[in-house]
1. Can you tell me which residue in segment 224-263 is most open to solvent (accessible area, probe 1.4 Å), limited to those that are in contact (Cβ under 8 Å) with a residue 40 or more places away in the chain, part of a loop (DSSP other than H, G, I, E, B) and more than 20 Å from ALA156 (Cβ to Cβ)?
2. Within segment 72-88, can you find the residues that are closer than 26 Å to GLY119 by Cα and open to solvent by less than 20 Å² (accessible area, probe 1.4 Å)?
3. Check ASP165, ASP155, ASP142 and return the single one that is part of a loop (DSSP other than H, G, I, E, B), open to solvent by 10 Å² or more (accessible area, probe 1.4 Å) and either among the aromatic types (Phe, Trp, Tyr) or in contact with a helix residue (DSSP H, G or I) (Cβ under 8 Å, 6 or more places away or on another chain) (or both).
4. Does ALA193 count as out of contact with any Ser or Thr (no Cβ under 9 Å at 6 or more places or on another chain) and either modelled with pLDDT of 95 or more or open to solvent by 10 Å² or more (accessible area, probe 1.4 Å) (or both)?
5. Given the conditions (1) outside any loop (DSSP other than H, G, I, E, B); (2) under 26 Å from VAL120 (Cβ atoms); (3) touching a strand residue (DSSP E or B) at 6+ places or on another chain (Cβ under 9 Å), which single one is not true for THR49?
6. Residues in segment 105-117: is at least one in contact with an Asp or Glu (Cβ under 7 Å, 6 or more places away or on another chain), open to solvent by 50 Å² or more (accessible area, probe 1.4 Å) and closer than 24 Å to HIS148 by Cβ?
7. Among PRO96, PRO36, which is the only one that is under 22 Å from ALA200 (Cβ atoms), in contact with a Leu (Cβ under 7 Å, 6 or more places away or on another chain) and not hydrophobic (A, V, I, L, M, F, W, C)?
8. Considering segment 251-279 alone, what residues qualify as being under 25 Å from VAL199 (Cα atoms), over 19 Å from the mean Cα position of the chain (by Cα) and not small (Gly, Ala, Ser)?
Amino acid sequence: ASEFAATDLFDQQYGTVTTPVVTTGFPVDFFIERSPNGTDGNYFFNRLTGKKYMQSNSANAESTGGLSRFFDFSDGVMSSWGQAASYLIYSFRRAPGFFDVVAYTGTGGSTNTINHNLGVVPEMMLVKRRDGSDVWWVYHKDMTGTPHNAYMRLDATAAVVTNNDAGFGDTAPTATQFTVGGFPSGSGQAHIAYLFATVAGISKVGTYSGTGSAIDVDCGFSNGARFVLLKRTDDAASWYLFDSERGIVAGNDSKLNLDTTAAQTTNTDYIDPLSSGFTITSTATNELNQSGGTYIFYAIA
């Protein structure tokens, strides 16, 4: 991934009615589709499962999308779609060191070891059962407590949970494998896993501590963050999503939450631009900046 520009690995834009709906300039392996002003949820599609999708705000099994959702392009995603102009598309490319997608079948038992091609140790992972109802399991290297036996849920606001038998099996991931506990590895059950890592100048998986005052979060970027996902770990809080497509500005910013279907809000100033990353403002909610609070994030330049 370090051989690419950030724009060769990640793209965000509103769709069009042309084909493809979004032109990225690179093959899309995973995308999130969301109508910021609508309430129909956050749709996760990936190339491995094709037109099937799941929603980050739901524990439901995967469903089959309409004919508009196609990966049949080398430089974009989705066929012509009349409603595309109102939908924001976040597109990711698989690349060693940056991002990988793994489909696997659980074997049952207390743990399940899965091979991956990220090429480095995953720093954040999202895991979901596909063929039945189950929660979204989240691993992050900077979770409060011991991260290898801790997890959070993408579809809920709960603080971090510690459990050796669930989540990630109390086993550290490696550059070739990761481990899941008994719950996300039921015998014969189909799952999908999204793996993320830090790439210098391109992406950052990290943490910060709340102060109640403005916090500059240095991600090692040179032109600021385009995509920022945030979650408090030591108390209940939503998953906050900000992006430069809708505006990370010195003023009110548009905010979405991945754990709900609520439409975006545009009348709050929780995040400001910073050339090396992003700034959490002093006016941010306690879910993003309370003195003594612990927070995790994933950012892309």
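The values are calculated or read from the model by the stated rules, or taken from the named source; none is laboratory data. These numbers come from a predicted model, not from an experiment. Methodologically, a virtual Cβ is constructed for each residue, glycine included, from the backbone with ideal geometry; neighbour enumeration extends over all protein chains shown. Note: areas computed on protein heavy atoms with side chains; ligands, DNA, RNA excluded. Shrake-Rupley method; radii C 1.70, N 1.55, O 1.52, S 1.80 Å.
1. Looking at residues that are in contact (Cβ under 8 Å) with a residue 40 or more places away in the chain, part of a loop (DSSP other than H, G, I, E, B) and more than 20 Å from ALA156 (Cβ to Cβ), I get GLU245.
2. GLY76, VAL77
3. On the way: ASP155 fails: either among the aromatic types (Phe, Trp, Tyr) or in contact with a helix residue (DSSP H, G or I) (Cβ under 8 Å, 6 or more places away or on another chain) (or both); ASP142 fails: either among the aromatic types (Phe, Trp, Tyr) or in contact with a helix residue (DSSP H, G or I) (Cβ under 8 Å, 6 or more places away or on another chain) (or both).
Checking each option against the conditions leaves just ASP165.
4. yes
5. Every condition holds for THR49 apart from (1).
6. Yes - at least one qualifying residue is present in segment 105-117.
7. Details: PRO36 fails: under 22 Å from ALA200 (Cβ atoms).
The conditions single out PRO96.
8. ASP272, PRO273, LEU274, THR279
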